[in-house]
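Asks: Below you'll find the structure I mean.
The values are calculated or read from the model by the stated rules, or taken from the named source; none is laboratory data. Values in this document were obtained by computation on a predicted structure and should not be read as measured data. Don't worry about glycine lacking a Cβ; one is built from the backbone with ideal geometry, like all the others, and counts go over all protein chains shown. Keep in mind that these areas ignore ligands, DNA and RNA; they rest on the heavy atoms of the full protein, side chains included. Shrake-Rupley method; radii C 1.70, N 1.55, O 1.52, S 1.80 Å.
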Amino acid sequence: MTEKIIHVALLLILPPLLFGVIGKTKAWFAGRVGPPLLQPYYDLIKLARKSMVFSRTTTWVFRAGPVVTLSAALIAGLMVPLGALDSPIAFTGDLILFAYLFGLARFFTTSAALDTGSPFEGMGSAREVTFACLTEPALFLALLVLAKASGSLMLTDLLHGPAEGFSSGMVAPLVLVGIGLFIVLLAETCRIPVDDPNTHLELTMIHEVMVLDHSGPLFGVILYASSIKMFVLGSVLLHVAFPFKTGEVWIDVSLFVLEILFLSILIGTIESVMARLQMRHVPYLLIAATLFCSFGFLLLVR
Amino acid sequence: MLSLWMVLAAVAILALSGAPAYLLASHSKAGQRISTILMLIGSVVGLLGIARKISGVETPSLQFEWQIPWGQFDVSIDSISVIFLAIVFVAPVLGSIYGLSYWKSSEHPENSRRLGLFFGLLAGSMAMVTIARDGVLFLIAWEAMAISAYFASTVEEDSAEVRRAGYVYLVATHVGTLCLFAMFALWRHSTGSFELSASASSFSITGEMAGAIFILTIIGFGFKAGLMPLHVWLPGAHANAPSHVSAVMSGVMLKMGIYGIVRMTSLLVRPEIWWGSSLLIVGAITGVAGIAFAIGQHDLKRLLAYSSIENIGIIAIGLGLALLGKSQNRPDWVVLGFGAALLHVWNHSLFKSLLFLSAGSIIHAGHTREIDKLGGLAKKMPRLAILFAIGSIAICALPPFNGFASEWLLYIGLFRTLSPDSGVEGLPVIASVSVALAMIGALAVACFVKLFGTVFLGTPRSEATLHAHEPPKSMLLPIALLGAGCAFIGIFPSIVSPALESAAGEWAPSSASKVSISEVAPLRWISIMGGSLICLAGAIALILKALPRASVAIEAGTWDCGYARPAPRMQYTGSSFGGSIVDLFAFILRPEAKKPSIEGAFAKPSSHKSSVPDTVLDKLVLPIFRMAGRYLPALRVMQQGKTQIYVLYILIILIVLLLLETMGA
Amino acid sequence: MTDALNAILVIVLVMNLFVLGTSRILAVINTVATQGALLGVIPLLVHTHLTISVVLTSVAAIVLKGVVIPSIMIRALRDAEIKREVEPLIGLLPSIMLGALATAFALLFAGELPLAGEHQSALLVPTSIASVLVGFIILTSRFKALSQVIGYLVLENGIFIFGMLLIDAMPLLVEMGVLLDLFVGIFVICIIVNHINRAFSSLDTRLLASLKE
């Protein structure tokens, strides 16, 4: 029971911190002081206290978008084991639901963007659905490799791997899948080199342009949901990248927190040293991710 | 036994439901109402009949000799028939109710009686197809179905486009039927009768003969179901038929092709490994290409038609997995693959009928099928928008609606090919089909966000929709019922699993009974998760409402990124939304575009045109037909019109045959 | 040991595809440099007991492939003032796809080869075949002289990996000789690059065809 409470608490509280860490890392690279680590929390609190502005064009879809996105992300978060903690919800086949919850979130985010009738938001949602067509195969190939390696269709068992640890032939496929998943993570959470969350030009954005019209608490919900999405996908990746556990709950939890903060530092570093890819080159990167994962699958089944 | 008689009565009532209207004036409302009431009675009788069959244990069957050469009148209902009868007794009657307002006899006096007649005949013959157990009877019902669909879908035959679609359909369906003739001939050759039941003689069909029958089955029924590349007739016919006819054609008639494949594969007891694998590959190609074509369409109903092809692909993947399970002796693959395929048959008939009927209401309101001319309908038709959103989410296989349940079963089945079970090796390569399925899922989201977003959201793109309003109740009710069905199966999929299991048991008696669906795929978790998703979304919405200043909602214009005068025409259109995906798939879609040319300092007005024609039809089939039209007339030399010459031909053939015979001996 | 080795080899495979999919020559040079340096570590992993020769091979490879050759190339690049391979014979995406096909082929093909037991689990053979194939793809599809050098380097990396199978049998001298050849070859090409650039004001190797008379 304690473990479940810890899981839910981590899932609800920790995610915005990732954005704080990324911001701090980027500030450090740029030689600035940067906003405080807890800035995303302050932002959320501030947004919750504001009133909302709605475009006259919008309908219920516009309001449903953030709400559905957040609930899908939260439920997905309940199915993923965080570090050595088992997930509170686990059943055979939950990995499919996990992937499709993000599909549901995408349906609503993009529809809400189209609801405004703005050409820019339409552009953003078109890009979002296009790139998803390329990340989805990569994600499923990764899941296939992990399912084959662990012999389970339950995310908890699948990500924790077999009890005796992955066999030695698994290292190469896992490295490939890890690289593929990292690219998927960057694409799905709209980070550089796929999307630049800080750009000021609407024409070049993907995720940020879709939420231009959201304001106040609804915008807060969007920010919160996207931080949860990064947290959840990040913890999936961590299982592949650092499959270590000690067996002691508190040590494992702190290890997990350290790992996920390290991951955000890594993302921040990438954002600082790389430029965003040209929009027409993004598919190459995503296809490459799919290829890496399929090499991993090939290595397993050949 | 009573159940069978009830279903037979239902067949008769449905088939003749349109006839009484001919006794009344062509514009009379009463005639149309009588047809609908007869359809309703027939469907209720039929549904009661299958309910009775499910509650009983026996498999009712009925045989008697008849005067038609070969064969006999042989009908029976088993668990497989039940699955398909269920959709025959649901979608057409809802379509008929919808038709009361959509195709009013007062507005279409010239063809509403004809439509009613063939609509009923279509429903009745489809029901007959699923219960016929004799090759000849089956083909008669099959042909009645094909022909009545032709007459029902081409009621607006004064338009050239409709006629063209009708011809393509007729040719395609008859090529398919020819394959079925060949298939039944082989069947009779190897079993000695046209009887379609698993008997001692059908067990003996193996090796090449079984393979030949299987291939002819896939091609013959594939034409009807719309497996790529045999789908050529489908987009045109669906787009040009009245919407409730499209709903029945897509929701039910395509499934008769699936039924044919299911029936024949249940009779061929020893499938080989290449059967399942080839069906899997065909299914994956059909699915991905179908939905990619759908994204490229500008026509509301053509888009839906292509999406039907995609769903047929998903069903074929399920059947392929089940066939593999049958040949490799893996009961879990059989149950999951077959269960997923049949559940998807139901689901698709629910949400596709919903979408086609809604499309009809949209066309009614906007008088156009062009997606890019619509927009902003959610404000004018809020209820239809909600129902359409439900249909779209369901068809994208997203939780918590029914599409997810069937695809979830299919995914688990495919993932289970990774590892050995009960001493039988896995086939990990097969699992990679799930990647195609994932791609189909992502493309479907793109496709239906495009459709829903362009048609219902944003601001109206043309004058067309200015006077749109909510459709009348008789149009909204069938759509709402279908939507309720989507939600119900989506939340409580475990209710239908007994029907699926017993159908799987009928299909593969040796293996399927060993495993139940709930053992390998805990469907109740789908209910739990679907319920909690809805509750969580509700809770978040309530929390948001409770925030201090949430009630202060300020209205403003959409943020225009600094441009002062945004206009509806500047919105992203459906074509631009799908453009980047069309580019990604340009290697199969072969999009055609006429780009505007800009010359001189003051450019003249120019236009941009783009389209995604059907590659198979326009680039392959029609050129072949044109070639045939050009070169085959040379053969007319043989047609001299003189009796003597024809007798000479007979003589020559006779001599050749005799020579062949002697040489063979 | 095999685990670490396989991890490195898999990263080499990933870098191959990256090289195929990037038009920015500087990024490609850096990638190939990292690839070379990574490969330099392999001798240390393949051998259970370290001898002087193994360490020497490793150090020489890291220094030459990871530092010296790339810096010469970067210098040539700077002098030639080009940044991108603008018009490759086959586009970036098709060449990624070709590379992927080659890699998949190598992975499947190596499984069929009758290899000694200790080489079965390691990815040495497939990675080496894949790198050689990718090297050829670059050599045939790119026109800029520097891109050709890169193709040559990737090819050599593939051969180097294959050499790891034979490291016990092959004398140190041969390995060193190969590295030296490589170094001299690239050194010369980079000088030539400058001259081509000056003579034709372009690095397009197709222009060299005009020298045939």
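Asks: For B:Glu107, what accessible area in Å² do you get when you roll a 1.4 Å probe over the heavy atoms of the protein chains, rounding to the nearest 10?
Replies: Rounded to the nearest 10, that gives 100 Å².
Asks: Give me the accessible area of B:Asp618, 1.4 Å probe, in Å² rounded to the nearest 10.
Replies: For B:Asp618, solvent-accessible area is about 60 Å².
Asks: Amide H neighbours of B:Thr558 under 5 Å, at least 5 residues apart or on other chains, H built in the peptide plane: list them.
Replies: Under 5 Å from the amide H of B:Thr558: A:Arg56, A:Thr57.
Asks: Here is a follow-up. Step through the residues of segment C:59-67 one at a time and calculate ³J(HN,Hα) from phi using the Karplus curve (6.51 cos²θ - 1.76 cosθ + 1.60, θ = phi - 60°), rounding each to whole Hz and writing x for Gly and Pro.
Replies: Result, ordered by residue: 4, 4, 4, 4, 5, 5, 6, x, 10 Hz.
Asks: Stokes-Einstein at 10 °C, 1.306 mPa s, Kirkwood radius from Cα pairs: D for segment A:80-156 in µm² s⁻¹?
Replies: On the way: Rh = 14.3 Å.
My calculation gives 111 µm²/s for D.
Asks: Can you give me the long-range amide H partners of C:Lys144? Hydrogens built in the peptide plane at 1.01 Å from N, cutoff under 5 Å, separation of 5 or more residues or another chain.
Replies: When sequence neighbours closer than 5 places are left aside, the close amide H contacts are C:Thr205.
Asks: To continue, here is another question. How large is ³J(HN,Hα), in whole Hz, for each residue of segment B:457-462 in order, when computed from phi with the Karplus curve 6.51 cos²θ - 1.76 cosθ + 1.60 and θ = phi - 60°, using x for Gly and Pro?
Replies: Result, rounded to whole Hz: 9, x, 10, x, 8, 8.
Asks: Name the residue from A:Thr130, A:Pro40, A:Leu146 whose Cα lies farthest towards the positive end of the charge dipole of segment A:2-301, charges +1 on Cβ of Lys and Arg and -1 on Cβ of Asp and Glu.
Replies: A:Pro40
Asks: First select every other residue whose beta carbon is under 14 angstrom from the beta carbon of A:Ser235; then total the charges, Lys and Arg +1, Asp and Glu -1.
Replies: Values: positive: A:Lys229, A:Lys245; negative: A:Asp86, A:Glu188, A:Asp252, A:Glu259.
Its environment carries a net charge of -2.
Asks: Once the whole set of protein chains is in place, how much accessible area is left on B:Glu143, using a 1.4 Å probe, in Å² to the nearest 10?
Replies: We get 50 Å² for B:Glu143.
Asks: When a/c reaches 1.5 or more, the comparison of a/b and b/c decides; with that in mind, is the protein assembly as shown rounded, prolate or oblate per its Cα gyration tensor? Please list the in-between numbers first.
Replies: Numbers: a/c = 1.67, a/b = 1.40, b/c = 1.19.
In terms of gyration-tensor shape, prolate.
Asks: What ratio of Cα Rg to 2.2 N^0.38 Å holds for chain B? Walk me through the intermediate numbers first.
Replies: Working: Rg = 26.3 Å, N = 665, 2.2 N^0.38 = 26.0 Å.
Expressed relative to 2.2 N^0.38 Å, the Cα Rg reads 1.01.
Asks: Cα centroids of segment A:248-262 and segment B:220-280: how far apart, whole angstrom?
Replies: 53 Å
Asks: With the cut-off at 1.5 for a/c, could you classify segment B:615-664 from its C-alpha gyration tensor as rounded, prolate or oblate? The partial results should precede the final answer.
Replies: Working: a/c = 5.75, a/b = 1.86, b/c = 3.09.
It is oblate, given that a/c is not under 1.5 and a/b is not larger than b/c.
Asks: Using DSSP loop states and a limit of at most 14 other Cβ atoms within 10 Å to flag trypsin sites (Lys or Arg not before Pro), what is the longest stretch of chain B containing no flagged site? Spell out each step's value before the answer.
Replies: On the way: sites that count: B:Lys104, B:Arg549, B:Lys642.
Maximal segment without exposed cleavage sites: B:105-548.
Asks: When only DSSP loop residues count, what chymotrypsin sites (Phe, Trp or Tyr not before Pro) in segment B:583-665 have their Cβ near at most 14 other Cβ atoms within 10 Å?
Replies: B:Phe602
Asks: Next question. Looking at segment A:234-302, which GluC sites (Glu not before Pro) are DSSP coil and have at most 14 other C-beta atoms within 10 Å of their C-beta? Each step should come with its number before you reach the end.
Replies: Numbers: sites: A:Glu248, A:Glu259, A:Glu271; in loops: A:Glu248.
Loop-located and lightly packed - A:Glu248.
Asks: Which values of log₁₀ I(q)/I(0), to two decimal places, follow from the Debye formula for segment A:2-301 at q = 0.09, 0.12, 0.13, 0.14 Å⁻¹ with a uniform point scatterer at every Cα?
Replies: Those come out to -0.43, -0.78, -0.92, -1.08, one per q.
Asks: Continuing with this model, one more query. Please give me the summed charge of the neighbours of B:Gly490: other residues whose Cβ is under 14 Å from its Cβ, Lys and Arg +1, Asp and Glu -1.
Replies: Numbers: positive: B:Arg524; negative: B:Glu407.
So the surrounding residues net to 0.
Asks: Also, quick follow-up: Which cross-chain or sequence-distant (5 or more) residues have an amide H under 5 Å from the amide H of B:Asp134, H modelled 1.01 Å from N in plane?
Replies: Here B:Asp74, B:Leu196 satisfy the definition.
Asks: Which helices pass in chain A if a helix is a full DSSP H run, must span at least 20 angstrom along its long axis by Cα, and must have mean Kyte-Doolittle hydropathy not below 0.5? Present the calculation step by step, with values, prior to reporting the outcome.
Replies: Numbers: long enough: A:15-30 (24 Å, 0.76); A:60-79 (29 Å, 1.56); A:94-115 (31 Å, 1.20); A:119-150 (46 Å, 0.90); A:171-188 (25 Å, 2.52); A:216-241 (37 Å, 1.63); A:249-273 (36 Å, 1.96); A:282-301 (29 Å, 2.27).
Counting only whole DSSP H runs, the qualifying helices are A:15-30, A:60-79, A:94-115, A:119-150, A:171-188, A:216-241, A:249-273, A:282-301.
Asks: Moving on. In vacuo Debye scattering of segment B:392-507, one point per C-alpha: log10 I(q)/I(0) at q = 0.15, 0.20 Å⁻¹?
Replies: Here the Debye-derived log intensity ratios amount to -0.90, -1.22.
Asks: Can you give the calculated 222 nm mean residue ellipticity of the protein assembly as shown, where each DSSP H run of n ≥ 4 adds -39,500 (n - 2.57) and the sum is split over every residue, rounded to the nearest 500 deg cm²/dmol?
Replies: Values: 49 runs with 807 residues, N = 1180.
So the calculated ellipticity at 222 nm is -23000 deg cm²/dmol.
Asks: May I pose another question? Over segment A:88-211, with a single point scatterer placed on each C-alpha, what log10 of the ratio I(q)/I(0) does the Debye formula yield at q = 0.13, 0.18, 0.20 1/Å?
Replies: Log10 of I(q)/I(0), two decimals: -0.62, -0.95, -1.07.
Asks: Would you list B:Asp78, C:Asp181 from the most to the least accessible area, probe 1.4 Å? Show your work: numbers first, answer last.
Replies: Details: B:Asp78 10, C:Asp181 105 Å².
Sorted by accessible area, descending: C:Asp181, B:Asp78.
Asks: Using each residue's phi in segment B:428-433, evaluate 6.51 cos²θ - 1.76 cosθ + 1.60 at θ = phi - 60° and report the 3J(HN,Hα) Karplus result to the nearest Hz, with x for Gly and Pro.
Replies: x, 4, 4, 4, 5, 4
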